[in-house]
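Inspection log for the structure reproduced underneath, given as structure tokens.
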Amino acid sequence: MYKTELYPLHKRLGAKMIEFSGWEMPVEYTGIRDEHIAVRRVAGLFDISHMGEIEILGKDASSFCQWLTTNDINRLKNNQAHYTLLCNFEGGIIDDVILYKFSEEHYFMCVNAVNTSKDYEWINNGKGNYSVNVLNSSLNYSLLSLQGPDSENILNSVIGISFSELRRFYFQNSVWHDVNIIFARTGYTGEDGFEIFIPWGEAESLWNAIMENKSKKVVKPCGLGARDTLRIEMGYSLYDHEINEYISPIEAGLGRYVKIDKGDFIGRGALLKVLREGAERRLFGFEMLEPGIARQGYQIFKNEENVGTVTSGTLSPTLDKSIGIALLKAKVENGDVLDIDIRGRKRRAKIASTPFIRN
């Protein structure tokens, strides 16, 4: 398995390690609930260096990214990012990514760890006659994620500059201890926060500085377990759970990131057909009305008819109740009461809107 630069630090901190997408990663330190609540109330620090980074450079970089992804590149300013999707020609989701624009000739894509090699091959093989270079820069960067309502004050105290003018989904380059770092106001938790791209080999000093910050705010080290419960509370998709190559953005509730009118792009024809005819299934949130946690793959019934499958489920630390996300037949509606088969026993649940919490 791959190990991040911070692997020895995680071991010293007593993290429980698991295999995730070919990487040995911390799943928790002091407990998922404890770490989750820290992010909602103050701040938590994640090592997410397993994520991939792909760079697209050249005079045709903008037009190529416009063809490659579903969102509208023309709306991006320099030093701005947006959420977008890589789709196949059938309209299925190859990956959901954050695309960062440095200039018309330089884009930087953060991709899911499980898809890094696949995405790189898809992008590189699809460049055709576009004058671009595609680089897999994943092992050049460590990636830290500082998330929580006090993130800005903490980062200000560490770096020695103010990030108050850095808006959501914008990023900036800053030098700290002679190291060039990319600070992006993005995240996967529903809280304010920053994702920090730092050259591989330089992350431990920044991790320690954030943990010992001058603002005196207590920052919790957080693992993938809390990252998952945080994103489920927000209704955010995770690849191989809510989205994959056989689920379209329309079915996944991500239609707002598909700009049909921007011109042609990969998958446009198939997605236009879904929009015209309507999706036969959609993602819904649900909350349990009876004891039990519904996990991925559990079957869901409405009046004895199988109407779909759980894609993610957890016990929400914020709400103190079991919640989840499911891919269901589109005829299901908010407020419907369903039965979920949990290890051979049907438990009642109610369709609920997402996000489950609003900050």
Checklist entry - If a residue has to be surrounded by fewer than 16 Cβ atoms within 10 Å (Cβ to Cβ) and assigned to a loop (DSSP other than H, G, I, E, B) to count, how many in region 246-288 make the cut? => result 5
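From VAL114, VAL158, VAL97, VAL179, which residue is farther than 26 Å from GLU35 by Cα and at pLDDT 95 or above? Write out each step before concluding.
On the way: VAL114 fails: farther than 26 Å from GLU35 by Cα; VAL158 fails: farther than 26 Å from GLU35 by Cα; VAL97 fails: farther than 26 Å from GLU35 by Cα.
Among VAL114, VAL158, VAL97, VAL179, only VAL179 is farther than 26 Å from GLU35 by Cα and at pLDDT 95 or above.
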Checklist outcome for this item: Of the conditions (1) touching a Gly at 6+ places or on another chain (Cβ under 8 Å); (2) surrounded by 19 or more Cβ atoms within 10 Å (Cβ to Cβ), the single one that ILE54 does not satisfy is (1)
Checklist entry - Quick one: in region 78-95, which of the residues that are in contact (Cβ under 8 Å) with a residue 60 or more places away in the chain and farther than 15 Å from PHE265 by Cβ is surrounded by the most Cβ atoms within 10 Å (Cβ to Cβ)? => result ALA81
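Hey, can you tell me all the residues within region 56-90 that are among the hydroxyl-bearing types (Ser, Thr, Tyr) and over 19 Å from the mean Cα position of the chain (by Cα)? Give the derivation first.
Of the residues in region 56-90, the ones among the hydroxyl-bearing types (Ser, Thr, Tyr) are 62-63, 69-70, 83-84.
The answer is SER62, SER63.
Checking the structure you have, find out if any residue of region 333-341 is under 24 Å from GLY190 (Cβ atoms), in contact with a strand residue (DSSP E or B) (Cβ under 7 Å, 6 or more places away or on another chain) and crowded, with 20+ Cβ neighbours inside 10 Å.
Residues of region 333-341 under 24 Å from GLY190 (Cβ atoms): 334-335.
From the residues that got through so far, the ones that are in contact with a strand residue (DSSP E or B) (Cβ under 7 Å, 6 or more places away or on another chain) too are 334-335.
Within this subset, residues satisfying the condition of being crowded, with 20+ Cβ neighbours inside 10 Å are none.
No; the residues of region 333-341 include none that is under 24 Å from GLY190 (Cβ atoms), in contact with a strand residue (DSSP E or B) (Cβ under 7 Å, 6 or more places away or on another chain) and crowded, with 20+ Cβ neighbours inside 10 Å.
To keep it simple, each residue is scored yes or no on (1) out of contact with any helix residue (DSSP H, G or I) (no Cβ under 8 Å at 6 or more places or on another chain); (2) in contact (Cβ under 8 Å) with a residue 60 or more places away in the chain; (3) more than 21 Å from PHE356 (Cα to Cα); (4) hydrophobic (A, V, I, L, M, F, W, C).
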site	(1), (2), (3), (4)
LEU271	no, yes, yes, yes
GLY278	yes, no, yes, no
PRO291	yes, no, no, no
VAL307	yes, no, yes, yes
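So is ALA326 outside any strand (DSSP E or B) and within 22 Å of ALA252 (Cα to Cα) or not? First the steps, then the outcome.
On the way: outside any strand (DSSP E or B): no; within 22 Å of ALA252 (Cα to Cα): yes.
The answer is no for ALA326.
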Item to check | Of all residues making up region 166-224, the number that are closer than 17 Å to CYS110 by Cα and in a strand (DSSP E or B) | outcome: 15
Next on the checklist: Going by what's in this entry, would PHE301 be described as among the aromatic types (Phe, Trp, Tyr), closer than 26 Å to THR189 by Cα and assigned to a strand (DSSP E or B)?
Outcome noted: no
Checklist outcome for this item: Scanning region 263-319 residue by residue, those under 30 Å from LYS127 (Cα atoms) and among the basic types (Lys, Arg) turn out to be ARG268, LYS273, ARG276
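The values are calculated or read from the model by the stated rules, or taken from the named source; none is laboratory data. Fair warning: this is a prediction, and the values are worked out from it, not measured in the lab. Neighbour counts are summed over all protein chains in view; Cβ atoms, including those assigned to glycine, are modelled from backbone coordinates with ideal geometry.
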